[in-house]
Amino acid sequence: MNPTIYLDCNATTPVMPAALAAAQQAMGALFGNPSSTHATGLQARQLVDAVRARAVRVLGAGEGDVLFTSGATEGIQTAVLSALCGVRERQARGEPVGKLLVYGATEHKAVPESLAHWNRVLGLQLELQVLAVERSGRHDLAALRALAPQAALVCTMAANNETGVVSDLAGIEAVLQDLAPQAYWLVDCVQALGKLPLQLAQTRIDYAPFSGHKLYAPKGIGLLYVRPGAPFTPLLAGGGQEDGLRSGTENMVGIAALGAVLQALEEGDSFSSHTQMLQFRELLVQSLRAAWPEIIFNADLDDALPTTLNFSVPGLPSSAVVDALGIVGVHVSAGSACSAKKVAPSYVLQAMGVPDAQAASAVRLSFGALADAAFIDTACARIARCGAALQARAAAAKALRCGPPLEADQTMHLLPKQLADFLQQHPNAVLVDVREPHEHAAEPQPLGCGHTALNVPLGRLDTHLPHWLATPSVPLLFVCRSGQRSQRAVHTLRQLGYAQAWQMVGEGAI
């Protein structure tokens, strides 16, 4: 199989070469502690300051603070803690504050978990309130208008990690400006970096966390934007690094790598443009529709990031699509990486009103801003191969169940005395025993010559077809007891264009 086509960039991305080089330099020549006052430390401090200044420019942060974190979860925790401490201080001063902690129904689980945790720890006894989303996945602004007057903190996303749906931040801001002057506003911007224009200082956003590993930096580095005047309480206290906003020796390796990514964003010559990403997405959409004509896209493409597709194939569980694409070297996910092990349908799609069966079969495909035309062309070709294999599986299942009587075909036959020569000529051949499991268990080596066969009962042959059809150069030799089942297996594969399929016949065959 050729190199993997990785299409799960909303979960994480590889580290881009420039970021890797910057990280290696930080571990080598720039190894100093930024808090040291000698030349080695000052070199490190210069790097930290330069990356922070670049982050301020890329994010449009203006006079706001930008601090380095370990990632989005820490950024969300810090923002929630800061906002709730601000609420508590207002309460102590007798100022009017809301009683609701409002969060979007499709938010990453880190948001409601953080709200519940710090609300409990601080003893605020505020009420957590889910903000509904429309079928499009965008926040219900009418529902927000009803909640806003009582909101102490409102948490929304810039773009959803599962569906790619881009929030109407301007609409949310207008509601908050009119009806919730007292409310703080946290916007999860993890999926926005490198995909959406950001001018944070021109908005009412109080807190915006980012995560480096979603855009070609290593894991363990992130950013948090804090609007001027927004309350701030450090999550980590200690040596006073980050001007006292976040203690702990700076992650120089992560900061240097993130700086290389931010430089690429600022210079604009490394990443695909928005127009190019839209073109790439359209090619992927066409290939998916050709592979599965009945496909359903779970979010309107006009409302979504150009790098994200969330779809369902009726009649196929998400695991079947993910596994089939995996066979041809295409890696996608059945949802967010944080919840992929859970059996329940996606809570994001359920919040959007997607039927449970459709939500349970959802697959997320997401590419990165470093994708180029050759990468997308290869991805489309493999998706086509996967679709053909699954269609062949369905056709084979039907043929195996109700195929017409077969006529003998000498080109399909191999005599037992020919086996040794056959295996010498085809050392990568796979022997497949299509008997039932109990027959195989009674005699696991059916050829009488010491060769173990893979047991795939004829009724389950279709489950192996996608893998075999993806590797058509591997010779397959089928055996059974009467020869009828192995003949049916070989005939089916030959009909599907798999030329290297034979059956064992004659005396000595099982």
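Every read-out reported here was derived from the displayed coordinates using simple, explicitly stated rules and does not represent laboratory data. This one's a predicted model, so the numbers in the text were calculated from it and none came from an experiment. When we count neighbours, we look across all protein chains shown, and the Cβ atoms used for this are built from the backbone with ideal geometry, even at glycine.
Below are the figures for this structure:
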{"item": "Using θ = phi - 60° and Karplus 6.51 cos²θ - 1.76 cosθ + 1.60, couplings along the range 211-224 (whole Hz; Gly, Pro as x)", "result": "10, x, 6, 7, 9, 6, 9, x, 6, x, 9, x, 9, 9"}
{"item": "Trypsin sites (Lys or Arg not before Pro), loop per DSSP, at most 12 other Cβ atoms within 10 Å - longest free stretch of the chain", "result": "136-340"}
{"item": "Selection from ALA151, ALA360, PRO197, by position along the positive dipole direction of the chain (Cβ)", "result": "ALA360"}
{"item": "Dipole magnitude (debye, nearest 20) for the chain, charges at Cβ of Lys, Arg, Asp, Glu", "result": "640 debye"}
{"item": "Fraction of beta bridges assigned by DSSP in the range 59-249 that are antiparallel (%, nearest 5)", "result": "45 percent"}
{"item": "Gain on full stretching of the segment that runs from SER319 to ALA374 - 0.36 nm per residue minus C-alpha separation", "result": "17.1 nm"}
{"item": "Taking MET27, MET16, MET504 and counting other C-beta atoms within 10 Å, the order from fewest to most", "result": "MET27, MET16, MET504"}
{"item": "Charge dipole (the chain, unit charges on Cβ, about Cα centre) - positive-most of GLN46, THR106, ALA324", "result": "ALA324"}
{"item": "Beta bridge orientation in the chain: antiparallel %, DSSP, nearest 5", "result": "40 percent"}
{"item": "Contact order normalised by residue count of the chain, Cα under 8 Å, 6+ apart, percent", "result": "16 percent"}
{"item": "Normalised contact order of the range 59-249, rounded percent, pairs of Cα under 8 Å and 6 or more residues apart", "result": "32 percent"}
{"item": "10 Å Cβ shell holding at most 10 others, DSSP loop, GluC sites (Glu not before Pro): longest site-free stretch of the chain", "result": "64-293"}
{"item": "Sorted by Cβ neighbour density within 10 Å, fewest at the top, the residues SER211, SER361, SER319, SER136", "result": "SER319, SER136, SER361, SER211"}
